[in-house]
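Since every read-out is calculated from the coordinates, none of them should be taken as a lab result. Note that the structure is a prediction, hence the values are computed from the model and not measured. Note that each Cβ is placed from the backbone with ideal geometry, even for glycine, and that neighbours are counted across all protein chains shown.
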Amino acid sequence: MEELLTDLKKVPLNDLHVSLGAKMVPFAGFYMPVRYSSDVEEHNTIRKGVGVFDVSHMGEFIIKGPKALALIQKVTSNDASKLVIGKVQYSCLPNDQGGIVDDLLVYRTGEEEYLLVVNASNIDKDWKWISQHNTEGADMRNISDSICLFAVQGPKAAAVLQKLTDANLASLEYYSFTKGEIGGVKDVIISATGYTGAGGFELYIPNKDAEQLWKKIFEAGKQEDIKPIGLGARDTLRLEMGFCLYGNDIDDHTSPIEAGLGWITKFTKDFINSKNLLSQKEKGVSKKLVGFEMVERGIPRSHYEIVNAKEEVIGEVSSGTQSPSLGIGIGMGYIKTEYAQPGTEIFIRIRNKSLKAKVVKPPFYKA
C-alpha cells in the first residue's frame, strides 16, 4: 500500500490544503482534499453562500490548427461546429464498443483552437485515445501538469470574484467564458461552469500564480464567509443535480443513449461508433440510467441491487447518498427500461432489506 501511495501525484497547492486542516485522500491518482470540516457543512456552504474547490487534478488538452475541429468532431459525440469563441460544450468521447471513454468539456478558445477538459483518472487514457484518432494531423498539447483549476461555486460566487476583476461576470451566460485578469493574474479563463448546480465560476490558472490567486479569492470573500470545500461535498452536490460521475454512472460499458445523454449525442455528423448509437436510439435500449428517491428510510450506495415488488433484480445503483438539502436518500442507477418511467415504484436492497423508492426525473434539488 505504501508503495502505491508514493505513486500519487500532488496538486500544486497540496501543502496549503494540509495547513488548512484538509483530510487528504487518494483520488484519481492524486492526493486530494476530501473535506476540511464536514461534508454536510461544506455542502450547505455551496448551496447558500460561496466556497472554493481545488480541482487541479483535472486534465486539459489544447487542440489547434486547421484540422482541430475535424478531429474533435470525429472523437466527440456533440456537435462542436456549433461552438463560437467564448462558448463551452458538454460532450463525451464514445468508444467503438458502444461505451464512453470519458465525458468532457470542450471550450472554443480561438478561430482554430479548442481546450478539452477531461477527468483526472482518464488523462492518459483520453490522450492516447484522441492521439490514435488524430489522422488529420491536428496540433495537440497536453497542458494538464501546468494548469490549476479552482471552482468558485455558490450564489455569492459572482459577488466575491467581481471584486477581483474588471470582466463583467453578470453578463457571462451559463456555459460561456472570458479570458482576462483576475486578482492581478493575467490570461485566466473565467468560465461560468461548475458541477454543483449552485452557480459560480471555474478558473484556469498557471501553476505559478495559483497560490496568489487562491489567497486573494479568500481575502475578497471574507465578508461572505467563503470556505474551502472538499470532494465529499462535491459528490453530494453533483448527485442532487443528477450530474453523471465517470466511473460510477458512465464508463467504458455504458452508452450515452442508456445514460440519458442523447442530448449531447448529435447524429447530424459522423463520429466514432455513431451508426451503432443511432441504431440504439431508433430501436431503444434494454436499460436506462434513472434517478430515484427513497420512500422508506435508507441510504442507497453504489452497486446496491434494485429489485421490483416480486424481489426480482431489475438493476443496480450507480451513485447514491443521503441528500443534505432534501434530508432523504437519493440515487441514480441503471434499470430495465420498463421500470424507467418517473413515478414507478422500485425497491433498493439495503442490508438484505428491500426498501421502497420511486423513480424521479433529476435534478432532485431545485433551487
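Worth pointing out:
- Selection from region 206-234 of residues that are surrounded by fewer than 20 Cβ atoms within 10 Å (Cβ to Cβ) and closer than 12 Å to Leu149 by Cα: Pro206, Asn207, Asp209, Glu211
- You will find that of Leu245, Leu237, Leu203, the residue that is buried (at least 21 other Cβ atoms within 10 Å of the Cβ), touching a Lys or Arg at 6+ places or on another chain (Cβ under 8 Å), of a type outside the set (S, T, N, Q) and under 30 Å from Val188 (Cα atoms) is Leu237 and no other.
- Selected residue (only one of Ala151, Ala170 is in contact (Cβ under 8 Å) with a residue 24 or more places away in the chain and hydrophobic (A, V, I, L, M, F, W, C)): Ala151
- Extreme residue, surrounded by the fewest Cβ atoms within 10 Å (Cβ to Cβ), among residues of region 259-318 that are among the aliphatic types (A, V, I, L, M) and more than 30 Å from Leu355 (Cβ to Cβ): Leu278
- The listed residue being in contact (Cβ under 8 Å) with a residue 12 or more places away in the chain, buried (at least 19 other Cβ atoms within 10 Å of the Cβ) and either of a type outside the set (D, E, K, R) or touching a Lys or Arg at 6+ places or on another chain (Cβ under 8 Å) (or both), out of Ala80, Ala159: Ala80
- Residue in region 38-57 that is under 18 Å from the mean Cα position of the chain (by Cα), buried (at least 18 other Cβ atoms within 10 Å of the Cβ) and farther than 20 Å from Leu237 by Cβ present: no
- Qualifying residue in region 107-122 (condition: in a helix (DSSP H, G or I), farther than 22 Å from Val152 by Cβ, among the hydroxyl-bearing types (Ser, Thr, Tyr) and touching a Lys or Arg at 6+ places or on another chain (Cβ under 8 Å)): no
- Number of positions in region 138-151 that are touching a Gly at 6+ places or on another chain (Cβ under 7 Å) and either aliphatic (A, V, I, L, M) or buried (at least 17 other Cβ atoms within 10 Å of the Cβ) (or both): 3
- Entry remark, region 152-185: residues being assigned to a strand (DSSP E or B) and farther than 18 Å from Tyr107 by Cβ number 3 in total.
- Condition met for Asp124 (farther than 23 Å from Glu258 by Cβ, surrounded by 15 or more Cβ atoms within 10 Å (Cβ to Cβ) and either out of contact with any Ser or Thr (no Cβ under 9 Å at 6 or more places or on another chain) or in contact (Cβ under 8 Å) with a residue 60 or more places away in the chain (or both)): no
- Selected residue (criterion: nearest to Glu42 (Cα to Cα)) from residues of region 175-192 that are in contact (Cβ under 8 Å) with a residue 40 or more places away in the chain and surrounded by fewer than 19 Cβ atoms within 10 Å (Cβ to Cβ): Tyr175
- Thr268 meets the stated requirement of being part of a loop (DSSP other than H, G, I, E, B) and among the hydroxyl-bearing types (Ser, Thr, Tyr).
- Residues (surrounded by fewer than 18 Cβ atoms within 10 Å (Cβ to Cβ) and closer than 21 Å to Ile299 by Cβ) located in region 340-353: Thr344, Glu345, Arg351, Asn352, Lys353
- Among the conditions (1) farther than 17 Å from Pro12 by Cα; (2) of a type in the set (S, T, N, Q); (3) over 21 Å from the mean Cα position of the chain (by Cα), the only one that Asn207 does not satisfy is (1).
- Where Thr45 falls short, out of the listed (1) among the polar types (S, T, N, Q); (2) in contact (Cβ under 8 Å) with a residue 40 or more places away in the chain; (3) within 23 Å of Asn248 (Cβ to Cβ): (3)
- Of all the numbered requirements in (1) crowded, with 19+ Cβ neighbours inside 10 Å; (2) touching a helix residue (DSSP H, G or I) at 6+ places or on another chain (Cβ under 9 Å), Thr135 misses one, and that requirement is (1).
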